[in-house]
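To start, the structure under review is shown below, and the notes come after it.
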Amino acid sequence: MPTPDIMEKLVALSKRRGFVYPGSEIYGGLANAYEYGPLGVELKRNIQNEWWKTFIQRRSDMLGLDSSIILHPKVWEASGHVAGFADAMIDCKHCQTRMRADHLIEDFFAAKDHAINVEGKTEEELDAIIRENKIPCPVCKKFDWTPVRKFNLLFETHIGIVPEAQSKVYLRGETAQGIFVTFKNITNSMRTKLPFGVGQIGKSFRNEITKGNFIFRTLEFEQAEIEYFFDPDESDWKKLFSAWQQSMWDFVTHVLGVNAQNLRWREHSDEERSFYSKRTEDLEYRFPFGFKELWGLAYRTDYDLKQHMKYSGVDLSYVDAASGKKFVPHVIEPAVGINRLMAMVMIESYVEEEGRVVMKLPAQLAPYKAAVFPLLANKPELVALAKSIYDDLRKDHMIAWDDRGNIGKRYYAQDEIGTPWAITIDFDSLHDQTITVRDRDTMQQERIPIAALRQFIADRL
Ligand code: ATP
């Protein structure tokens, strides 16, 4: 189970070992922005690839997509983001701290061991809760707030060189709308039959005011979203919804290796749920700062396609080839942030034991699959054999090389970044063509032929 101080340790390890760096650090940093370093980019990409394999490649009812970050501005009017994609924020008049009103309230009650959720409350209701409980500023401890105000999360920019109102566009706040606006082209160009889903992974942007929980919530993030289209007369939405819940749960527990005890489902209350959604459930993970949304699942009915029909004037109905029935499909939407999955995976894998730090990442997620060590760096014949093994394995996998210091230190360094296997080439290797493979988790070593190494790794991935 994650310990409270794990975030500090992970932030430090991430920077020291090249997973995640603070954003724009040489200019003093940029809040809620991060750079993914050489190891972080591998871990993030591996999570992405597993998502793609699970939900697109291995399913016959799913298709992939890569839509634009900048869509026609009307898309965001139709989707409701221009009018309603907003957080309620509040400023401390004494120390100028700006924060989300819902976070202020939730943290205040969480500190009293009284978890409450205020999503869906109006500005007036949030104001009232803050006043009634005299919730102080968490920074200066004064009670001197501005009224709660709405703040739109969409990032605005302009096309062309003249910043006129007509040229205003938005960076996408979610990837999902790209799926709806492409729906007609997909059904026209692909042989699709309901039910089927379209999934994509790409950057989304939100002008978030956050408490800086590392990469949990950032200004830009990699979103992985699916719209699963179906005919409500033919498919039972409750069954489809449960099947998606199971798929998401299986992915997190089996593929990402998360302990089920750190996961739970939370259903949105009527107040919290969007008016067009018939059911919304969040899969939550026990982050060190509390159970928080990891992955949202919502039954959005035919709301989105109908909104785009209204705003674009284009018919987005689906025609069933067999029966000729024409209708607007309904959708179920599983939506997750890859970066949030990565934060969870790092928290879940971080272990301190027997004087070492180990990141017990599932092997398929680990940045390096193996590390190759020549026993001594100053023996050319050892180095040459080790290099040939390193070059051979690198054709298929990311592999680390280390010839510095003693073997114990090299193991320690690889454990810390989650490398599952360490391969040592010693003097016996020169004669009998065998090497030692040391397992990260058990620390057991076994001697295997060099010729069997590729298969050894392949069997375990
Ligand atoms: P939250 O309540 O945490 O702000 P949300 O309900 O606004 O999330 P959705 O709009 O449902 O989130 O987005 C789907 C998923 O995208 C979330 O479950 C989360 O994993 C991810 N996500 C949303 N915002 C961010 C962000 N700023 N940084 C990283 N991931 C995000």
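The values are calculated or read from the model by the stated rules, or taken from the named source; none is laboratory data. These numbers come from a predicted model, not from an experiment. Cβ coordinates were reconstructed from backbone atoms using ideal geometry, including for glycine residues, and neighbour counts include every protein chain displayed.
Quick look at the numbers
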{"item": "Subset of the stretch 39-65 [touching a residue at least 60 places away in the same chain (Cβ under 8 Å), more than 16 Å from the ligand (Cβ to nearest atom) and under 27 Å from T210 (Cβ atoms)]", "result": "L39, E42, N46"}
{"item": "Meets criteria (of a type in the set (A, V, I, L, M) and under 20 Å from the mean Cα position of the chain (by Cα)) for A33", "result": "yes"}
{"item": "Test: residue in the stretch 333-348 that is more than 16 Å from the ligand (Cβ to nearest atom), at pLDDT 95 or above and over 23 Å from E227 (Cβ atoms)", "result": "no"}
{"item": "From E381, E333, E348, E353, residue being closer than 22 Å to I6 by Cβ, among the acidic types (D, E) and in contact (Cβ under 8 Å) with a residue 24 or more places away in the chain", "result": "E348"}
{"item": "Of the criteria (1) touching a residue at least 12 places away in the same chain (Cβ under 8 Å); (2) within 16 Å of the chain's Cα centre (by Cα), which one V11 fails", "result": "(2)"}
{"item": "The stretch 316-341: number of residues that are buried (at least 23 other Cβ atoms within 10 Å of the Cβ) and aliphatic (A, V, I, L, M)", "result": "4"}
{"item": "Any hit, the stretch 295-312, residues being in a strand (DSSP E or B), in contact with a Ser or Thr (Cβ under 9 Å, 6 or more places away or on another chain), within 16 Å of the ligand (Cβ to nearest atom) and of a type in the set (F, W, Y)", "result": "yes"}
{"item": "Subset tally (residues that are free of Cβ contacts under 8 Å to residues at least 24 places away in the same chain, of a type in the set (K, R) and in a helix (DSSP H, G or I)) for the stretch 398-451", "result": "1"}
{"item": "Selected residue (only one of P329, P362, P334, P374 is assigned by TED's automatic domain parsing to the domain that holds Q433 and of a type outside the set (G, A, S))", "result": "P374"}
{"item": "Residues (hydrophobic (A, V, I, L, M, F, W, C) and within 16 Å of L365 (Cβ to Cβ)) located in the stretch 28-53", "result": "L39, V41, L43, I47, W51, W52"}
{"item": "Subset of the stretch 191-201 that is away from the ligand (no atom under 12 Å from the Cβ) and under 18 Å from P334 (Cα atoms) - its residue that is surrounded by the most Cβ atoms within 10 Å (Cβ to Cβ)", "result": "V198"}
{"item": "Residue pairs meeting the criteria (Cβ under 9 Å; at least 6 apart or on separate chains; first at positive phi, in the stretch 243-262; second assigned to a helix (DSSP H, G or I) and not hydroxyl-bearing (S, T, Y))", "result": "G257/V345; G257/E348"}
{"item": "Residue within the stretch 211-226 that is over 17 Å from the mean Cα position of the chain (by Cα), within 30 Å of Y170 (Cα to Cα), within 16 Å of the ligand (Cβ to nearest atom) and surrounded by 22 or more Cβ atoms within 10 Å (Cβ to Cβ) present", "result": "no"}
{"item": "Yes/no for L361 being more than 16 Å from the ligand (Cβ to nearest atom) and either in a strand (DSSP E or B) or in contact with a helix residue (DSSP H, G or I) (Cβ under 9 Å, 6 or more places away or on another chain) (or both)", "result": "yes"}
{"item": "The stretch 265-289: number of residues that are in contact (Cβ under 8 Å) with a residue 24 or more places away in the chain and either away from the ligand (no atom under 12 Å from the Cβ) or in a loop (DSSP other than H, G, I, E, B) (or both)", "result": "13"}
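This table checks each residue for (1) outside the structural domain of N259 (by TED's automatic domain parsing); (2) buried (at least 16 other Cβ atoms within 10 Å of the Cβ); (3) under 30 Å from P147 (Cβ atoms); (4) of a type outside the set (A, V, I, L, M, F, W, C).
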| site | (1), (2), (3), (4) |
| --- | --- |
| L13 | no, yes, no, no |
| Y36 | no, yes, no, yes |
| N46 | no, yes, no, yes |
| W51 | no, yes, no, no |
| T54 | no, yes, no, yes |
| Q57 | no, no, no, yes |
